[in-house]
Amino acid sequence: MRTTAVALVLLVAIALLVDDCGAARRRRRRRRRRRRAPAPAPLYQPPPPQYQRPTMRADPYNPYNDESNIRRLTCQQAVINQLAPRNAVLDQSCIKMGENKFRCFYTCEQGLALDLPLAQIAGRAQVDCVYQYGILNIIGAELPRCIPAPLQVTASCVQGPNTTQCVSGTATFQFNCSDPTASASFSGSNLLTVVASNCPWVYTFGNIQVNNPSFTSLGPVTIDYDCPTGDALDIVITFASGATQTASLPCTARRRRDLATIDLDDTDIIRLQARGTGNAVIRSFSFELIASEAKCIPNVYLNLATNQTSVSPLQVSNSSCSGTASLNKSTFTCSDVGSNPVVLTLTDGSGSTLSCQSEIIVFDTTQPELQCAASEVTVTASSGFALAASDLVASVSDNCGSTTLIADDLSFDCSSLGQHNVTVITTDSANQQASCTATVNVVDDVAPVVVCPTALSLEVADLVFVACFARDGFACNETAFEQEIVDMFGEFRVPFSADVLNAAGSDNCASTTSNVTLSIPASQDFLNCSLVNQTFPVVVTATDAVNLSSTCESQISLEDFFGIC
């Protein structure tokens, strides 16, 4: 009986447990169904609210900060709105970069310098602004910030033993803080006096350019200084490579310190600086360049055209900062054009010497001066057409003395009669040349030569035939020809010409005798019959191509054997 009751209780408990699990499952299903089902639409849904731009409040400091002129806003107003220091001054008109974006540039007032991580262009700060939601804001977290600019003081170049020729540039001083009580002075016997409490400073003595391989080390740097205990004073040497050597000087009472010798090479450019924090006095500073051997520049060029007539040891060795330097020859003239060996000697304070040799190449680039004759030059046949280049020159000179003259063409003869342009060239000892052009007139001034028979007997009939045949050739009719003469003069006259005289003419410019014309006076072209059986003179004239002439005379006896007259 008891066993049956226990079993019945267990069965009821199991049934209740199963029922609870089913109910939990049903509840989960209902919740899932409710989540999936869309929410029931309300009977009325109002439109979403539109964004309303807030109305900008008037700003008495900004005439552009109003709704109607929103496009005229600039970064300047954003800087004012965010209370930036007023020592950042707008440098130029702002640039519109987009619909609501602007860019402005700011510089600092005089005596102030920019100190901000923003982009800088030529010392100006670039600030970008954007207009959003009715407010003009700077893009980025930083605003232009102006701080006191570093103090720049210019002092005279360092003047110390053996340094005058070695230090180049101007010494400068700079404070790296804004301490208004800091000062630097360069007056009195001290090279530099600095008054600065915990204010870093840098003093640049100058630069040393060592381009002479003779100098292999920078000798001991000697400095006479004073700085209070607790302050710092360093000597910094910076090489062209960027490497540095720093000598920290103890700050106690006044003292003199010799720094170590520094090895160099022939391309070093060294910057010497004093760097400190606090008060300091530098009374003197000096150094030497030390040469272990003499090395000369192989070739030094000297141009006489630029009035360079001498060289210095500095030109041969590039530097003479250590001891003294001398050359065995330093002055050169035109006679030295070409290569000239010279010896450079370096002498230090103890009298020790080093020497090397260099070649001084002397050259001349000055052209000679040449002027041709202003008027034309005449060359004649009577002189054999002889002409020299010097005959065409008015003047010639050169800084180095003698020159040579040549002309491009001096060969003239009878075929060259007339004017010609001739170029004259002069050359000096350095092969520098100059030229000019002269006008040459080639002239034939030699008259032709004519030879006549002394006496000649002529027949009237022969003279008629010669004249008729000369005009008509083989068609000559002597009777008709004689009648023409009668009709011409009203009486018969005897034709006469130079051709019948057997005269001979020649000329220096004539290749044949045909180039010489023989003539008699026109009054003797026809002879009067009254001259028959008489002797009379006839003058023959020979004329050449340039109208030069000469004459000769013959005694003529005229006979009329056939009675034509």
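Sort out which residues of the range 497-513 are open to solvent by 40 Å² or more (accessible area, probe 1.4 Å) and assigned to a strand (DSSP E or B), and write them in order of number.
Once the filter is applied, which keeps residues that are open to solvent by 40 Å² or more (accessible area, probe 1.4 Å) and assigned to a strand (DSSP E or B), the range 497-513 yields Ala504, Ser506.
Going by the conditions given, is Ala388 closer than 30 Å to Asp507 by Cβ and surrounded by 14 or more Cβ atoms within 10 Å (Cβ to Cβ)?
For Ala388, the condition - closer than 30 Å to Asp507 by Cβ and surrounded by 14 or more Cβ atoms within 10 Å (Cβ to Cβ) - is not met.
Before we move on, is Val516 surrounded by 12 or more Cβ atoms within 10 Å (Cβ to Cβ), over 60 Å from the mean Cα position of the chain (by Cα) and within 14 Å of Pro453 (Cβ to Cβ)?
no
Taking Cys565 and the conditions (1) open to solvent by less than 60 Å² (accessible area, probe 1.4 Å); (2) touching a helix residue (DSSP H, G or I) at 6+ places or on another chain (Cβ under 6 Å); (3) in contact (Cβ under 8 Å) with a residue 40 or more places away in the chain; (4) more than 30 Å from Asp445 (Cα to Cα), which numbered condition does it fall short on, given that it satisfies the others?
(1)
Which of the residues belonging to the range 311-335 are under 15 Å from Asn299 (Cβ atoms) and at pLDDT below 90?
Hits for the range 311-335 are Val311, Gln315, Val316, Ser317, Asn318.
Out of all the residues in the range 354-361, is one or more over 29 Å from Asn421 (Cβ atoms), open to solvent by 40 Å² or more (accessible area, probe 1.4 Å), out of contact with any Phe, Trp or Tyr (no Cβ under 7 Å at 6 or more places or on another chain) and among the hydroxyl-bearing types (Ser, Thr, Tyr)?
Scanning the range 354-361 turns up at least one residue that is over 29 Å from Asn421 (Cβ atoms), open to solvent by 40 Å² or more (accessible area, probe 1.4 Å), out of contact with any Phe, Trp or Tyr (no Cβ under 7 Å at 6 or more places or on another chain) and among the hydroxyl-bearing types (Ser, Thr, Tyr).
Yes/no matrix, rows are residues, columns are (1) modelled with pLDDT under 85; (2) under 20 Å from Ala467 (Cα atoms):
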{"residue": "Asn508", "(1), (2)": "no, no"}
{"residue": "Thr513", "(1), (2)": "yes, no"}
{"residue": "Ser530", "(1), (2)": "no, yes"}
{"residue": "Ser550", "(1), (2)": "no, no"}
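Please specify each residue of the range 377-401 satisfying the condition of being at pLDDT 90 or above and acidic (Asp, Glu).
The one that is at pLDDT 90 or above and acidic (Asp, Glu): Asp391.
Which numbered condition in (1) within 21 Å of Phe173 (Cβ to Cβ); (2) at pLDDT 70 or above is the only one that Leu302 fails?
So the condition that Leu302 fails would be (1).
Looking only at the range 472-493, decide whether some residue is closer than 16 Å to Ile556 by Cβ and of a type in the set (D, E, K, R).
Checking the range 472-493: at least one residue is closer than 16 Å to Ile556 by Cβ and of a type in the set (D, E, K, R).
For Leu344, which of the numbered conditions (1) surrounded by fewer than 16 Cβ atoms within 10 Å (Cβ to Cβ); (2) over 28 Å from Thr426 (Cα atoms); (3) in contact with a helix residue (DSSP H, G or I) (Cβ under 9 Å, 6 or more places away or on another chain) fails to hold?
Every condition holds for Leu344 apart from (1).
Considering only residues that are touching a residue at least 40 places away in the same chain (Cβ under 8 Å) and of a type in the set (Ser, Thr, Tyr), look in the range 401-436 and name the one that is least open to solvent (accessible area, probe 1.4 Å).
Thr426
Picking from Val464, Val443, Val494, which residue would you name as being open to solvent by less than 50 Å² (accessible area, probe 1.4 Å) and farther than 20 Å from Ser519 by Cα?
So the residue among Val464, Val443, Val494 that is open to solvent by less than 50 Å² (accessible area, probe 1.4 Å) and farther than 20 Å from Ser519 by Cα is Val443.
Take Val396 and tell me if it is more than 30 Å from Gly338 (Cβ to Cβ) and out of contact with any Cys (no Cβ under 6 Å at 6 or more places or on another chain).
No, not satisfied.
Cβ-Cβ below 6 Å, separation at least six or inter-chain, first residue in the range 452-472 and under 18 Å from Gln483 (Cβ atoms), second assigned to a helix (DSSP H, G or I): which pairs?
Close Cβ pairs (under 6 Å, with a partner that is assigned to a helix (DSSP H, G or I)) amount to Val464/Glu478; Val466/Val500; Cys468/Glu478; Cys468/Phe481.
Only one of these conditions is not met by Ala542: (1) more than 60 Å from the chain's Cα centre (by Cα); (2) part of a loop (DSSP other than H, G, I, E, B); (3) closer than 19 Å to Val446 by Cβ. Which number is it?
(2)
Sort out which residues of the range 553-562 are out of contact with any helix residue (DSSP H, G or I) (no Cβ under 9 Å at 6 or more places or on another chain) and open to solvent by less than 40 Å² (accessible area, probe 1.4 Å), and write them in order of number.
Ser557
Taking the criterion of being in contact with an Asp or Glu (Cβ under 8 Å, 6 or more places away or on another chain), open to solvent by less than 50 Å² (accessible area, probe 1.4 Å) and part of a strand (DSSP E or B), would at least one residue in the range 525-539 satisfy it?
yes
Kindly provide the set of residues from the range 467-479 that are crowded, with 16+ Cβ neighbours inside 10 Å, outside any loop (DSSP other than H, G, I, E, B) and not aliphatic (A, V, I, L, M), ordered by number.
Of everything in the range 467-479, just one residue is crowded, with 16+ Cβ neighbours inside 10 Å, outside any loop (DSSP other than H, G, I, E, B) and not aliphatic (A, V, I, L, M), namely Cys468.
Evaluate the following for Glu482: is it outside any strand (DSSP E or B) and not aromatic (Phe, Trp, Tyr)?
Answer is yes for this residue.
Quick one: is Ser355 without any contact (Cβ under 8 Å) to a residue 60 or more places away in the chain, in a strand (DSSP E or B), among the hydroxyl-bearing types (Ser, Thr, Tyr) and under 28 Å from Ile208 (Cβ atoms)?
The answer is no for Ser355.
For the range 473-520, what are the residues that are in contact (Cβ under 8 Å) with a residue 24 or more places away in the chain and farther than 24 Å from Val538 by Cα?
If the condition is that a residue be in contact (Cβ under 8 Å) with a residue 24 or more places away in the chain and farther than 24 Å from Val538 by Cα, then Asn508, Cys509, Ala510 are the ones that fit.
The values are calculated or read from the model by the stated rules, or taken from the named source; none is laboratory data. Quantities reported herein were computed from a predicted structural model and do not represent experimental measurements. Using ideal geometry, Cβ is built from the backbone for each residue, glycine included, and neighbour counts are taken over all protein chains shown. Surface accessibility is based on the protein's heavy atoms, side chains included, excluding ligands, DNA and RNA. Shrake-Rupley method; radii C 1.70, N 1.55, O 1.52, S 1.80 Å.
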